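Asks: Take this structure, written in C-alpha cells, and hold onto it; I'll ask about it next.
Values quoted throughout were computed directly from the atomic coordinates according to the rules given, and no laboratory measurement underlies them. The shown structure was predicted, so the numbers you read here are calculated from the model rather than taken from an experiment. Here the Cβ positions follow ideal geometry from the backbone for every residue, glycine too, while neighbour counts run over all protein chains shown.
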Amino acid sequence: MTNINIGNKIRQLRKKKGITQESLASVLSVSPQAVSKWESGLTYPDVEIIPIIAGYFEVSMDILFGYDVREMKAKIQKIIDDAMKYFFDDTAKYIKIIKDALQDYPENEDLLAALLDGYEYTLRDKGDTSHLDEMIELSQKIITESTDFIKVCNVKDSQAAAYLKKGEYQEAKKVLKTLPREYNLRDEAFAFRLSGKDKLNGACFSRCHHLQGLYIACMEEGDAWFFMNQHSDVKLRNYTPGDYIPEALKCYKKGLRVLTTFLLTDCHDNPADQYLWDGMQTFHWAFHQCIAACYKKLGNIEECDKSVSEAYRLISVAWKDFEENKARYMEPFYKYLEDYGLAEYIR
C-alpha cells in the first residue's frame, strides 16, 4: 500500500509545535495511546478526525497526508490509461489492474468509476452477472460522495443496468428518474434501459429533444451563412460572397423540412393543435421569413413574396388566441422582418 506517512507528519507537526502526545490527545479528545499508534504507523486516525488535526496544526490536508494531490491524480490517471489497453481484449486483466491500484489508493473515486466501467462492460458484452451487487454498491458510493455531475449521471445509468439484470425493474426506474431532464439525460436513459410504456415515453420525449435540436441547428447554420458578410475577419476561404446565400437557403429549407415532418397533421385539423410543443410555431414562420430573405438577395422577388405571405398565414393560425393577442405575437414577427432585410413587408 502507498505509504501516506500521516503518522510521521503528525509527529513532525507535534514536535514543531512543542507539545507532547498527551497534550495532543487531550486537544483531540482521544487517548495518548491512539496518538502513539498513529505516529508509529500502527493505525491511522479516523476519517472524521483528520480535518480537525489539519485545522489544529493549521496545515492543508495535502501537507498532513504528505503527498501532492495533483501528483496523485496524475499517477492514478496513468494507471487507468495503462489499464485501458486491456479493456476490450482482456477485461479481466483491466479489472485486476484497477483493483490492485485501489489497494494503493483506497476509495479513490476515479478508480472506483473505472472498476465500475469494467464490470459494466463484462455485463453488457459478455453477460457476466457475477458483479451485480458490487456494481450497485460501487455506484451508490460514487453517487453519494462525488461532486462530478457527469460522472454521477453515468454511474446512475450503470447502477440501473445492474438492477435490471437482477430483475429489479422498479429499482432501476427509480434510479433513472433521478437523472435530470436537462440535456435529455433521463429520457435517453429510459429509452435505452427500460421497456414497455416507460421505454416508449422516454423515446418520445427524446425524439422531441433531438428534433428540436436539429431544426434549431439548421436555423443557426443558415444564419451563419446568411450573415457571413457582417464579419470580414471570419469569412470562409474558398467561398465568395455569392456562395453564402445559396448555402443559407439550403440550411433553412432543411430545417423547415425537419420541422414540418413532425407536424401532427394526421391527428388534428386545426393548425394550432398540430405542433408538438409551444415555440415550434415561431420557428415555423421564422423559417419562411429566412427563406424569403434569401430569395430577395438572390433577386427572386416572386419566391420572396410567396414565402413572406406563407409566414403571415402561419402566424395567423398557429395560436388559438392570436386575434386576442395579435400585438404580442406580431412584435417578434416584425422584428425578424427587419433583421433579415424584409422591412418593406411589414404591414
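Asks: Against the longest principal axis of the chain, how steep is helix 326-339, in degrees 0 to 90 to the nearest 10, with axes from Cα atoms?
Replies: Taking the Cα atoms of the chain, the angle to 326-339 is about 90 degrees.
Asks: Something else now. Checking the a/c ratio against 1.5 first, then a/b against b/c, what shape does the Cα gyration tensor give for the stretch 104-258?
Replies: prolate
Asks: Turning to a different aspect of this structure: Compute the long axis of helix 301-317 from its Cα atoms, compare it with the longest principal axis of the Cα atoms of the chain, and write down the angle in degrees, 0 to 90, nearest 10.
Replies: Between helix and principal axis, roughly 70 degrees.
Asks: Determine, for Ile245, Ile49, the number of other Cβ atoms within 10 Å of each Cβ, and report the residues in order from fewest to most.
Replies: Details: Ile245 20, Ile49 16.
The order, fewest Cβ neighbours first, is Ile49, Ile245.
Asks: Only Cα pairs under 8 Å and at least 6 apart count here; give the relative contact order of the stretch 69-180 as a rounded whole percent.
Replies: About 18 percent, as a whole number.
Asks: Right, next: Based on the alpha-carbon gyration tensor of the stretch 76-172 and its eigenvalue square roots a ≥ b ≥ c, which shape applies: rounded if a/c is under 1.5, prolate if not and a/b is larger than b/c, or oblate?
Replies: Oblate is the answer for the stretch 76-172, as a/c is 1.5 or above yet b/c matches or exceeds a/b.
Asks: If I fit a long axis through the Cα atoms of helix 91-104 and take the longest principal axis of the Cα atoms of the chain, what angle between them do I get, 0 to 90°, rounded to 10?
Replies: The angle comes out near 50 degrees.
Asks: Another question about this same structure. Mean separation of Cα pairs under 8 Å and 6+ residues apart, divided by the residue count of the stretch 208-347: what relative contact order is that in percent?
Replies: In percent, rounded to a whole number, it is 20.
Asks: Which of the peptides 104-117, 327-340 is most tightly packed, and how do the rest follow, judged by the mean count of other Cβ atoms within 10 Å per residue?
Replies: 104-117, 327-340
Asks: Is the stretch 6-65 rounded, prolate or oblate when judged by the Cα gyration tensor, a ≥ b ≥ c being the square roots of its eigenvalues, rounded requiring a/c under 1.5 and prolate requiring a/b larger than b/c?
Replies: Here the stretch 6-65 falls in the rounded category.
Asks: Evaluate the relative contact order of the chain (contact order divided by residue number), counting alpha-carbon pairs under 8 angstrom at least 6 apart; express in whole percent.
Replies: Numbers: 340 pairs, mean separation 25.0, N = 347.
About 7 percent, as a whole number.
Asks: Counting only helical runs of four or more DSSP H residues, what would the 222 nm mean residue ellipticity of the chain come to if each run contributes -39,500 (n - 2.57) and the total is spread over all its residues?
Replies: Working: 17 runs with 238 residues, N = 347.
Using -39500 (n - 2.57) per qualifying helix, the result is -22000 deg cm²/dmol.
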